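The values are calculated or read from the model by the stated rules, or taken from the named source; none is laboratory data. Treat the numbers as computed from the prediction; the structure is a model and nothing was measured. Surface accessibility is based on the protein's heavy atoms, side chains included, excluding ligands, DNA and RNA. Shrake-Rupley method; radii C 1.70, N 1.55, O 1.52, S 1.80 Å.
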Amino acid sequence: MVLFRGSVQTACGGASSASGPFYCPGDQKVYMDLDFFDELRTRFGAKGGDYAIAYVIAHEVGHHVQTLLGTSDEVRKLQQKVSDVEGNKLSVCLELQADFYAGLWTHYNQKYLEEGDIEEALSAAQAVGDDAIQKKMQGHVVPDSFTHGTSEQRVKWFGKGFKTGDIKQGDTFATLN
C-alpha cells in the first residue's frame with residue numbers, strides 16, 4: 001500500500017488526488033490518497049470515521065483479489081470488444097464485486113467491529129455511488145456513463161458480502177443478463 005497526497009507515480013502511470021484511492025494491477029499496489037478521506041466527508045457527505053477508511057481499503061484490496069483470480073483481465077478483454085456503454089456496465093460489475101469483497105472481508109473480521117462501523121462503511125458506499133457523485137458534481141445523472149454503480153447498488157453488494165460470508169454469492173456479472 002502506498003499513501004500519498006497530491007500526486008503519485010505508479011506502474012499504471014501518474015495519478016493525482018483527483019483520482020482518489022485506486023489499485024494498480026501493474027505493480028499490484030493499493031494507492032491511498034489521504035486527502036480523499038476528508039473529501040469523502042466534506043464534499044460527498046459520508047459520515048467518515050475509521051471504518052469508512054477500512055471499507056475503501058478493503059474495496060481496493062478487492063481489486064487485487066480480482067487481479068489474482070483473473071477477473072480484471074477478462075473484463076478488460078471483454079471491454080475491448082463492446083461499446084463504451086457496455087464497457088461501462090462491465091466496469092460497474094467489477095466495482096460492485098470489489099464492494100462485495102469488502103463486505104466479505106468485514107464478515108470475517110466482525111470481532112474487530114465497533115458500534116457504528118457498519119454504518120460508516122454503508123455511508124461511504126452510499127456517498128461514492130456514481131449517481132450521488134454526478135448529482136453533486138454536475139447537477140444531473142447520466143446512467144450510461146456510470147463506472148462504479150449507484151449508491152444503492154454499492155450498499156447492496158457490500159451488504160451481501162457482509163451478510164452471506166460466501167464468496168460464491170459475489171457474481172455481480174450475472175446481473176448483466
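Of all DSSP-defined beta bridges confined to the chain, some 70% are antiparallel rather than parallel. Relative contact order of region 99-177, taken over Cα pairs closer than 8 Å and 6 or more residues apart, is 48 percent. Each residue of region 86-93 was assigned a 3J(HN,Hα) from its phi angle through the Karplus curve 6.51 cos²θ - 1.76 cosθ + 1.60 (θ = phi - 60°); the sequence is 5, x, 5, 4, 5, 4, 4, 4 Hz, with glycine and proline shown as x. Result for the chain in a Gaussian network model with C-alpha springs under 10 Å: among 114, 60, 152, the largest mean-square fluctuation is at 114.
Which pairs break 30 Å Cα to Cα here: 81/163; 77/111; 47/160; 111/168; 47/89? From the list (81/163; 77/111; 47/160; 111/168; 47/89), the Cα-Cα distance tops 30 Å for 81/163; 77/111. Helical runs assigned H by DSSP (4 residues or longer) give the chain a calculated mean residue ellipticity at 222 nm of -17500 deg cm²/dmol, each run adding -39500 (n - 2.57) before division by the residue total.
The relative contact order of region 1-52, computed from alpha carbon pairs under 8 Å that lie at least 6 residues apart in sequence, is 31 percent. Atom-type composition of the exposed protein surface of the chain places 52 percent of the accessible area on carbon and sulfur (1.4 angstrom probe). The percentage of C-alpha pairs in the chain whose separation is greater than 22 Å is 43%.
Rounded to the nearest whole Hz, the Karplus-based 3J(HN,Hα) values (6.51 cos²θ - 1.76 cosθ + 1.60, θ = phi - 60°) of region 96-108 follow the sequence 5, 5, 5, 5, 4, 4, 4, x, 4, 4, 4, 3, 7, with x at glycine and proline. The amide H of residue 148, built 1.01 Å from its N in the peptide plane, has 130 as neighbours under 5 Å, considering only residues 5 or more places off or on other chains. With contacts taken as Cα pairs under 8 Å at a separation of at least 6 residues, region 42-177 carries a relative contact order of 35 percent.
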